[in-house]
Amino acid sequence: RVHGDYTADSAPTRLAQLAAAGAITVEPAPSRFAFVNVWRSVDQQQPVLSHPLALCRPRSIDYARDTWSYHMHFEDRVGRNLAIEAKAGHEWGYYPRMTADEALLFFAFDSSAADGDVGVVHTAFDDPAIDGAGVPRRSVELRTVALWD
């Protein structure tokens, strides 16, 4: 599913939840915050051959027209993610055959973003240029928090 990890409402809520749990300190309140994702292969034997991660350029999305939010139910909380309707003008990119010594970093949310641009929407996809049949992707995604004072 093509998605963004946060909405304009869910990101501040998640930041407050992390602070309440003692995972981060947000006193004094930051002037800006961002959730930054790190995505990489963990397969030391071969590059990513199936379902690489594709990223959509935020400036190519009309967030008010092309997206909607939906609930994500977790054991300890309910969050909101962003879904996107595919449009011809969306600009997609990916890094084929990523190896374990490469990583993608991208903003999942940035509180300073303008025009409703809440972050990079992304998805795994079948790359017709690579025959990855029978080769499962082994990857990890780490979500980090950046705070500005």
Report summary line: Expressed in nanometres to one decimal, the distance between label points 7 Å along Cα→Cβ at residue 73 and residue 114 is 4.0
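Let me know the longest stretch in the chain that avoids all chymotrypsin sites (Phe, Trp or Tyr not before Pro) found in a DSSP loop with at most 15 other C-beta atoms within 10 Å.
Numbers: sites that count: 74, 125.
Answer - 1-73.
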Query - Filtered trypsin sites (Lys or Arg not before Pro), the stretch 1-80: DSSP coil and at most 16 other beta carbons within 10 Å - result: 1, 77
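With a probe of 1.4 Å, find how much accessible area the chain has per residue, and write the answer as a whole number in Å². List each step's numbers first, then the result.
On the way: 8840 Å² over 149 residues.
Normalised by residue count, the accessible surface of the chain is 59 Å².
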Query raised in the report: Separation of the stretch 28-68 and the stretch 101-123 by C-alpha centroid, Å?
Result: 5
Requested in this report: May I ask you to give the percent of accessible area on the chain that is carbon plus sulfur, with a probe radius of 1.4 Å?
Outcome: 52
Report summary line: Phi-derived 3J(HN,Hα) across the stretch 140-149 with the Karplus relation (6.51, -1.76, 1.60, θ = phi - 60°), rounded Hz, x for Gly and Pro, is 9, 10, 10, 9, 10, 10, 10, 10, 10, 10
Query raised in the report: Among (i) 49, 35, 30; (ii) 61, 29, 29; (iii) 40, 34, 30, which is the computed Cα extents along the principal axes in Å?
Result: (i)
Requested in this report: Name all residues of the stretch 67-101 having a backbone nitrogen under 13 Å from the label point set 7 Å from the Cα of residue 130 along its Cα→Cβ direction, giving them as ranges.
Outcome: 94-101
Query - Cα long-axis angle, helix 10-20 against the chain (0 to 90 degrees, to the nearest 10) - result: 70
Report task. Please give the residues of the stretch 130-147, grouped as numeric ranges, whose backbone N is less than 20 Å from a label point set 7 Å along the Cα-to-Cβ vector of residue 25. Result -> 144-147
**Report entry** Sum of -39500 (n - 2.57) over DSSP H runs of 4+, divided by residues of the chain (222 nm, nearest 500)
**Finding:** -2500 deg cm²/dmol
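The values are calculated or read from the model by the stated rules, or taken from the named source; none is laboratory data. Since the model is a prediction, treat every value here as computed from it, not as a measurement. A quick note on method: Cβ atoms are made from the backbone with ideal geometry, for glycine too, and the neighbour counts reach across all protein chains shown. Surface areas here come from the heavy atoms of the whole protein model, side chains and all, with no ligands, DNA or RNA. Shrake-Rupley method; radii C 1.70, N 1.55, O 1.52, S 1.80 Å.
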